[in-house]
Amino acid sequence: MRLVSVVGARPQFVKLAPIAKAATAAGVDHVIVHTGQHYDPMLSDVFFQDLGIPAPDSHLGVGSGTHGAQTGQMLAALDDVFAQWRPDWVLVYGDTNSTIAATLSAVKMHLPVAHLEAGLRSFNRRMPEEHNRVLADHAADLLLAPTRVAVDHLAAEGLASRTVLVGDVMTDVLLEVAGAAAGSPLERVAPPDHYVATIHRAENTDDPRRLRLIAETLAQLDKPVVLLAHPRVVARAAEAGVTLTQGTLIAHAPLAYPDLIAAVRASAGVITDSGGLQKEAFLLRVPCTTVRTETEWVETVELGWNTLATSPAEIAASVTRPRPADTDATPYGDGHAAERVIRELLAR
Ligand code: UD1
């Protein structure tokens, strides 16, 4: 079987790592196509190096742009790439512009498409990711769902017959990396008792007033906050004249994955709008505050380890809440999701 994985953005490289490993173990001919959506070494290359992912077989070099320009360039380039590799399956990951471009290109070439992390919903139609994931699910032939909630969403949309519950591949990679992780790299930049923050989503960065309010709020919390600043927030803050190092807030470059896991594990709490980090915090049993109006990872909230701060004014109360009750719940699987993904693809 020839499997072509199409990836392009940071969280997709993390998900690719266990898939690449499971594909190799099963003797699958696995081709990696990198769209180039993320190109900064700290958003791309370090993940391939640290997580032992083979170098991409094709690189589209698309880079940044408006949604239409970025997605359109990927679409135009992928026709030739799929014609070259002639896959038995195309595997698309998550909810980025790379996901929707690869899905559309593949289905129009009559190539079977499997969507990893299918069925997640925020029900917030202002999020570009919500459109990407809904459209990918409805176009794909096989929907690889990470959770029971995702399975239920797909059933509600009439997609049950194409759905399989496989678990979450981010659990696979986290369990492996956490076992080997060393001390936090942030010990050098902040006192031991600090929060780790990431803010990068359009809804938090593109409105200068909201971005300013978030930065000012983080700058007045009860402990230092190390903001692992994605290039998007750095760019938007510079345009809006918002200072990312002020008061208790310390801006820091993004971290490689093993360093991020070590930093989160050593922290007093996480403040984020990232999907992946909400789950990583939960799996490491670190309290999380999510600066969004909703989350796709509702299990983290139901179990008490994640709280939504729907406005910046709610962040301070959330980060100082009492530590949640311990739980042995495993809503994100057992660490063997990638093996199940490969088995499902081989079985079809
Ligand atoms: C994308 C995904 C988002 C995901 C995030 C993870 C979409 C619609 N969004 O958002 O779901 O959570 O990746 O990081 O696909 N930039 C750089 N260097 C890079 C990449 C981006 O400087 O390597 C800057 C550019 O100014 C660019 C901006 O970040 O315009 C946004 O990048 P883009 O790829 O459009 O979306 P993300 O915000 O990274």
Expected unfolding gain across M109-D328 under the 0.36 nm per residue rule, minus the alpha-carbon gap, is 74.4 nm
Given Cβ charges of +1 for Lys and Arg and -1 for Asp and Glu, the option among N124, P191, V33 whose Cα lies farthest towards the positive end of the dipole of the chain is N124
About its Cα centre, the chain carries a charge dipole, from +1 on Lys and Arg Cβ atoms and -1 on Asp and Glu Cβ atoms, whose size in debye to the nearest 20 is 300 debye
Fraction of alpha-carbon pairs in the range 289-348 farther than 19 Å apart, rounded to whole percent, equals 49 percent
With R₀ set to 30 angstrom, the calculated FRET efficiency between the beta-carbons of E294 and A26, to the nearest 0.05, is 0.25
For the chain, Rg(Cα) over 2.2 N^0.38 Å is 0.95
Among L144, A77, L165, the residue whose Cα sits farthest towards the positive end of the charge dipole of the chain, when +1 is placed on the Cβ of each Lys and Arg and -1 on the Cβ of each Asp and Glu, is A77
Semi-axes (Å, rounded, descending) of the ellipsoid equivalent to the range 179-319 per its C-alpha gyration tensor are 21, 18, 14
Residue span D222 to Q246: 0.36 nm per residue of separation minus Cα-Cα distance leaves a gain in nm of 7.3 nm
Where a ≥ b ≥ c are root eigenvalues of the Cα gyration tensor, a/c under 1.5 meaning rounded, otherwise prolate if a/b exceeds b/c and oblate otherwise, the range 37-137 counts as rounded
With only helices counted (DSSP H, runs n ≥ 4, each -39500 (n - 2.57)), the per-residue ellipticity at 222 nm for the chain, to the nearest 500, works out to -13000 deg cm²/dmol
Ratio for the range 115-266, C-alpha Rg to 2.2 N^0.38 Å, reads 1.27
Expected unfolding gain across D152-M1 under the 0.36 nm per residue rule, minus the alpha-carbon gap, is 51.4 nm
Within the under-13-Å Cβ sphere about D172, not counting D172, Lys/Arg +1 and Asp/Glu -1 give a net charge of -2
In the chain, helical segments from DSSP H whose Cα atoms cover 20 Å or more along their own axis and that average at least -0.5 on the Kyte-Doolittle scale are 10-25, 67-85
Honestly the range 206-261 on the Cα gyration tensor test (a ≥ b ≥ c root eigenvalues; a/c under 1.5 rounded, otherwise a/b vs b/c for prolate or oblate) is just oblate
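Every number here is computed from the coordinates shown, using simple stated rules; none is lab data. On a predicted model such as this, the values are computed, not experimentally measured, just so you know. All Cβ positions, even for glycine, are placed from backbone atoms using ideal geometry, and neighbour counts span all protein chains on display.
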